Structure formats: C-alpha cells, structure tokens
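Read through the structure below, which is laid out as structure tokens, and then see the notes.
The values are calculated or read from the model by the stated rules, or taken from the named source; none is laboratory data. Values in this document were obtained by computation on a predicted structure and should not be read as measured data. Don't worry about glycine lacking a Cβ; one is built from the backbone with ideal geometry, like all the others, and counts go over all protein chains shown.
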Amino acid sequence: MIRKAKIADVKDIHKLLTKYAGKGEMLSRSLSELYEALRDFYVFEEDGGLLGVSALHIVWEDLAEIRSVAVAEEAGRRGIGSQVVNACLEEARALGLKRLFCLTYKPDFFGTLGFRVVDKSELPHKVWGDCIKCPKFPDCDEIAMILEIG
C-alpha cells in the first residue's frame, strides 16, 4: 500500500535512507530533516513493514525534486520504486507543477519513468542548497534528469 508518510514512519525512513547513504548512493538525511520534510514523503508499506520511500520536494513555482527514493533490498525488483515515484508524479500534477528533476546514480530507472538526462547547468542555482551538505561537494558525480509534466 502506498500512502503519505506519518510521524511513526520517520525512524524507519531514516533507517532505509541511511543504509543507502552509507554506501554513497544518496544524500544522508538527519531525523530532524525528515521530521521537517515529512509532508514531502510517500511510503510503500506491506504487512506492517516499510519497504519503499520517495519524496516530492517543491523548489519553486514550477519546479520540484524527486528525492530520497529507496527500496528495501529484500523488496527490490517488485516495482515499488516506480510506485512511490509515481505517487509523487501524481501529486506534482495535481499541484500544477510543470517540471520535476532528480539527481541520481540510477538514470536507467528514472528514464523508464520519462525523465531525460540534462546538464546540471540547466538546473536553477536554487536546487543546489542541499549539495553543500554532501561529502562529495563540490565534485558531484550524480546525474541530473528532468521530466516535463506541464
């Protein structure tokens, strides 16, 4: 079941994201950041366990980021990642957003959802606020992708 995240989910979201952040596959998020951004998150829950997560983070009047996409390793290859990202896409459309972007190491995954690779310079400077928290800054090796939905 896909649903909006609840306060009770934050520690499980943190655990899942921290696992991938520890491998250098995504940006780490503190518990404080997760509580503050809780309304951005969707979760995939099955049998009481959190198996997937994604977030829609609004950046500007026409732009949002799909971020913090993670699926528990034991639940991989079941379409959970696509489902939680599609929940974000539906909300983005309902809000009237025109463009979504992501910074990723999984361009093939996002490509199947309609995102296209772009040069990072095409993204507005405003999107780089979180980058200074990243241990790879300023030598980012993530791939920038955009999806036009307007």
Original post:
What residue, among those in the range 56-89 that are farther than 21 Å from residue 19 by Cβ and surrounded by fewer than 17 Cβ atoms within 10 Å (Cβ to Cβ), is modelled with the highest pLDDT?
Top reply: 86
Subject >> Failed condition for residue 24, given (1) buried (at least 22 other Cβ atoms within 10 Å of the Cβ); (2) closer than 23 Å to residue 123 by Cβ >> reply: (1)
**OP:** For residues that are free of Cβ contacts under 8 Å to residues at least 60 places away in the same chain and part of a strand (DSSP E or B), tally how many sit in the range 53-65.
**Re:** 7
Original post:
If you check every pair at least six apart or on different chains, which have Cβ atoms under 7 Å apart with a residue in the range 81-106 that is under 17 Å from residue 142 (Cβ atoms) and free of Cβ contacts under 8 Å to residues at least 40 places away in the same chain first and a residue that is aliphatic (A, V, I, L, M) and surrounded by 22 or more Cβ atoms within 10 Å (Cβ to Cβ) second?
Top reply: 81/69; 81/71; 85/66; 85/69
Original post:
Got at least one residue in the range 13-30 being assigned to a strand (DSSP E or B), under 26 Å from residue 148 (Cα atoms), in contact (Cβ under 8 Å) with a residue 12 or more places away in the chain and not hydrophobic (A, V, I, L, M, F, W, C)?
Top reply: no
